[in-house]
Each structure stands twice: as structure tokens, then as C-alpha cells.
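First comes the structure, then the notes that go with it.
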Amino acid sequence: EREGYPHFMLKEIHEQPRALQETMGSSISDLQLTPAQIRGFSKVVITACGTSYHAGLIGKYVLERLARVPVDVDVASEFRYSDPLIDENSLVIAMSQSGETADTLAAIKEARKKGCRTLSITNVVDSTITRETDDVIYTRAGTEISIAATKAYTTQVMVMYLLGMLFARERGWCSTDKLAVLEAVLYQVPDWIEEILEQENNIQEIAGHYHTCDDFFYLGRGLDWAVALEGALKLKETSYVHAEAFAAGELKHGPLALITEGVPVVALATQEDLMEKTVSNIRVVKARGGSAIGITVGQSDLVDETCDYVFQLPKAPSVCEPAAVSGCSAALCLLHILCPGLRCR
Ligand code: F6R
């Protein structure tokens, strides 16, 4: 069943291009929401746990940027006790790969009690969550056996983009031309991930330089921060080492104290408009003796000059800024490969 892969996680990492194609091909077509309902929401709340929560953070970015609708993202285990400020004009989205996570189910019950419209995004057909929500969108990742979620996450991110585009169209915040460009970009993502997967040996080699380290830090801004959080979670789960993610700008507000000689910092700098800012944070890491692993898009002299190792992701056309999905999905894909590499402690 592992088809020659040493473990299911790696097999599922390699299934990402296919899973994304499937998800793009079908997923939001069954949505029952009417254009009037989509226009009528005053806010969206995304609630989820773990990796699904991290995909929700990307969802906030995408929905707010593309459709200008305010989005809160809440950890489901907190949401259910927080007496959330939601009402019948709110859309509450529950994101759950399995569709069975107790806290996420409880959050949805709370949302229904308050009269909200509810939507689940899940990978498992007929899971409990699908019966508890008004609408369902299925990610088409295929069965995920590995405990550490990989293709489930990237397909959730893809659904967030598809939903963001739908909301943008209905709420009139994005020109048809811009949406067409974004759609074309999304169709390229599976190929980009394929390209990243081809760098696997390279990535494993670099991972080999760090496999005895006990602490890892991840930093990024905007979308990169959301991806950094997921990268750190994955590393903890798969390698049993301490890993933490920071918004890059927060480094100077305390965490810098932990960056000492040789401590590895994975710096995500995939968004051109934030590149210089993030590079200035990398410089500070280097000044403290830390070791920087940069993840960027295309050729960036700035990142090259400051980092010890650099991964270049394929570059999306910069016509539409949320095309950062390329950076985001591909960066994650890269981190997913890096994790098992680090496991050989
Ligand atoms: C991490 C991971 C978990 C799940 C979380 C929620 O790799 O898999 O953090 O994301 O337990 O699970 P679902 O999405 O099934 O609700």
C-alpha cells in the first residue's frame, strides 16, 4: 500500500499534485449558498484545530484580500467557550479533514445555536460534520493515513482560494480579468509542487546538516507566517524536536533571546512586497550567530546573501498578489519534505 515509499507521510506528500487537481476540478460546485446569501454575510468565522486551523489562517488572508469580508479564525476548542460574537448574518466555516474532531463539532453546534449559516470543509464523505452543517465542501485529497496531515492541508488551502474567488465574484470586489488570472495560477500549482518534489534529494541533504539540533524557529510575515506555523507543527510531530513559529516582526520583542550560535531559523520570504522586511529579520538572526534556511520565490539576491541555505520556489506571475498561493503551497510542500528528513536523528 505504501507503493515503495518508506512511510505514508512521504507517499501522501507525493500525492499532493494529484489531490490538488481533484480538489480544483470539483469541490465547490455543490455549494448551495445563493449569491444573495454570499453578499449578505457581515462576517465569516473559520473554526478548526491543528493543521486545519492553520489552513483557516490562510483562508482569512484570502477571503479578506479577495472579497473584503471580515474573517475571524478561532481555535475550535476556544470558540465553544468564548460566547462568540456571531449571529444570523455570520457564516461559520468548520474545517476538519476527518469531519469527526470533537471540538470542531462542538463549535458548529454553538454556531447553529446562535442562528448562523454553517459550512463544513472536510475530506471524509458522510462524516459527522457533514450532517451538522448547512453546506459541505469536500476536499478531494483521497484517504490520508499519515497522522501528520500533508495533502489534507494543501487541499484545504486550495478550497479557501476557490471560496475566496467565489465570494470575490459575488461581492463584486475583484475584476473578472483578475479572477481569471488567479484561476490560471491555481491550475499551475500542481506542476509547481511537482517541481519542488524533484528537489527532494537536495532538501534531504540540507536537512542532514541540522539533524542534531534541538530547537528550530520559523518566521515569516503575512501568508508566510501562517505557513511558518504549520511548518513548526509538522516538525514537532514528525521529529520530536522543539519548533516554534513567529511573526517575523515579533522577533525583536522577546524571542530573539533564544537565537544563539548555530540555532536554525527557517525564514519564509515568498511575498515580494514583504521581502526586504523579512530579510532584515534574517540579518538580525545571523548577527546573533543563528543559521538561516531561506525559502523564497524565484531568484532573490537579498535572500541569497543573508541565508546559509536557500530554497527557491517557482515564481507565479505577480499580476495578482494573492497568487502567493504558489509560494504558500509550494513552501509548505517543501517543509513537509524537510520534516521527515530531520527525523533521522
Ligand atoms: C497535524 C494534524 C492535526 C489535525 C487536527 C484536526 O498534522 O493532523 O493537527 O489537523 O487534529 O484534525 P481534523 O482536521 O481531522 O479536524
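The values are calculated or read from the model by the stated rules, or taken from the named source; none is laboratory data. Bear in mind the structure is a predicted one, so any value in this text is a computation, not a measurement. In this analysis, Cβ positions are derived from the backbone assuming ideal geometry, glycine residues included, and neighbour counts consider all displayed protein chains. Please note that ligands, DNA and RNA were not included when accessible areas were found on the heavy atoms of the full protein model with its side chains. Shrake-Rupley method; radii C 1.70, N 1.55, O 1.52, S 1.80 Å.
Here the accessible area is traced with a 1.4 Å probe on the protein chains. For the chain, carbon and sulfur cover 48 percent of it. Every Cα-Cα pair of the stretch 57-140 was included, and the share exceeding 14 Å stands at 61 percent.
Of all lysines in the structure, those lying under 25 Å Cα to Cα from Lys252, and not within fewer than 8 positions of it along the same chain, are Lys234, Lys236, Lys277, Lys286. When Rg and Dmax are taken over the Cα atoms of the stretch 114-169, they come to 12.4, 36 Å. Candidate cross-link partners of Lys43 among the lysines, defined by an alpha-carbon separation under 26 Å and a same-chain spacing of 8 or more, comprise Lys60, Lys109, Lys113, Lys114, Lys178.
Across Trp173, Trp192, Trp225, the residue with the most accessible area heads the list, and the full order at a 1.4 Å probe is Trp173, Trp225, Trp192. Between the stretch 121-177 and the stretch 283-311, how many Å separate their Cα centres? Rounded to whole Å, the Cα centres lie 33 Å apart. Computed over neighbours whose Cβ is under 13 Å from that of Trp192, the net charge equals -3, Lys and Arg +1, Asp and Glu -1.
For the stretch 23-68, the Stokes-Einstein estimate of translational diffusion at 4 °C and a viscosity of 1.567 mPa s comes to 105 µm²/s, using the Kirkwood hydrodynamic radius over alpha-carbon pairs.
By the compact-protein rule of thumb, 2.2 N^0.38 Å, the alpha-carbon radius of gyration of the stretch 207-263 corresponds to a ratio of 1.11.
For the stretch 181-236, the solvent-accessible area of protein heavy atoms averages 41 Å² per residue (probe radius 1.4 Å; ligands and nucleic acids excluded). Heavy atoms of the protein chains alone define the surface here; on that basis the stretch 1-66 has 43 Å² accessible area per residue at 1.4 Å probe size. The alpha-carbon atoms of the stretch 1-154, seen along their principal axes, cover 50, 31, 27 angstrom, with the largest extent given first. Working ranking of peptides 148-155, 73-80, 209-216 by packing, defined as the average number of other Cβ atoms within 10 Å per residue, highest first, is 148-155, 73-80, 209-216. Taken over the chain, the percentage of Cα pairs per 20 Å bin, counting from 0 up to the bin with the maximum distance, is 32, 58, 10.
Rolling a 1.4 angstrom probe over the protein heavy atoms with all chains in place gives the stretch 81-128 an accessible area of 43 Å² per residue.
Computed on the Cα atoms alone, the convex hull of the stretch 144-208 gives a volume of 115 cubic angstrom per residue.
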